[in-house]
Amino acid sequence: MQNEEVQAVQLGRRARPPHRRHGHVVSSFFLLNSHFPVILPVLKYGHPALRQKGERVGAITPKIKQLIMDMLETMYAAKGIGLAAQQVGENIQLTVIDVRGVADRPSTLELHGQPASVEGFMPLVLINPGITPTGAPVAGPEGCLSFPEIYADVSRPATAQVAALDARGHAVSFHCGGLLARVAQHETDHLHGILYIDRMSRETKAELKPQLEALQKSTKAALAHKPRPPVF
């Protein structure tokens, strides 16, 4: 999910936090992995990988740990607040989220039925997430890193219960509201090949049709001219 300066009033924007602010989960990965994170290309609308349903993650392998680090690095570099594995070409159920610093669109969090600090819960790594909506639908502005400069209102439940595995493979469950609930639903949709344009009203999607068609055409043209690997 995207944060953009031109939409500051609606979407908020926060600077990329340094690694020392990533939290204990991410910091531990630097000790466990020999490779530093890299910024991955974010796939754009029109790439077939965005429509793939992700496979469930069975074990937290070194490759998965490295992917988590790379996805966080990529998300921060793009000034996003969420990124799904499909957006970087990986067909698995894994997403990363960090809503810290978005003051104009607050989030709420409950752990074990008690209010908890959203800031202290970030960054959030969700593996094989399941979401149960618990609130009435509310319209709100959304963007997406796979749809540069394309924003629109999307209606989603205002609150949700989330169950997943964290970066270490431990079960995590929480109730969230506000921006965090919206981002969690947006990113989980990605893991099932569902895009935010699929949640837009018919009228909104019709208004965006020229932009969407132009982006899709550009993506497909780039794919058509991509060099093929040699065959031995």
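Every read-out reported here was derived from the displayed coordinates using simple, explicitly stated rules and does not represent laboratory data. The structure displayed is predicted, hence computed values, not measured ones. Quick reminder, even Gly has a Cβ in these numbers, built from the backbone with ideal geometry, and neighbours come from all protein chains shown.
One table, with the values for the structure above:
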read-out: Kirkwood estimate for segment 151-232, i.e. one over the average of 1/r between Cα atoms, Å; value: 15.9
read-out: Close Lys-Lys pairs in segment 5-224, where close means Cα under 27 Å and separation is 8 or more or interchain; value: 25
read-out: Within segment 5-224, percent of DSSP bridges classed antiparallel, to nearest 5; value: 95
read-out: Neighbour-count ranking [beta-carbon atoms within 10 angstrom, fewest first] of THR132, THR108; value: THR132, THR108
read-out: Neighbour-count ranking [beta-carbon atoms within 10 angstrom, fewest first] of LEU94, LEU215; value: LEU215, LEU94
read-out: Cα-Cα pairs of segment 5-224 separated by more than 22 Å (percent); value: 49
read-out: Fewest-first ranking of ARG202, ARG100, ARG168, using other Cβ atoms within 10 Å as the exposure measure; value: ARG202, ARG168, ARG100
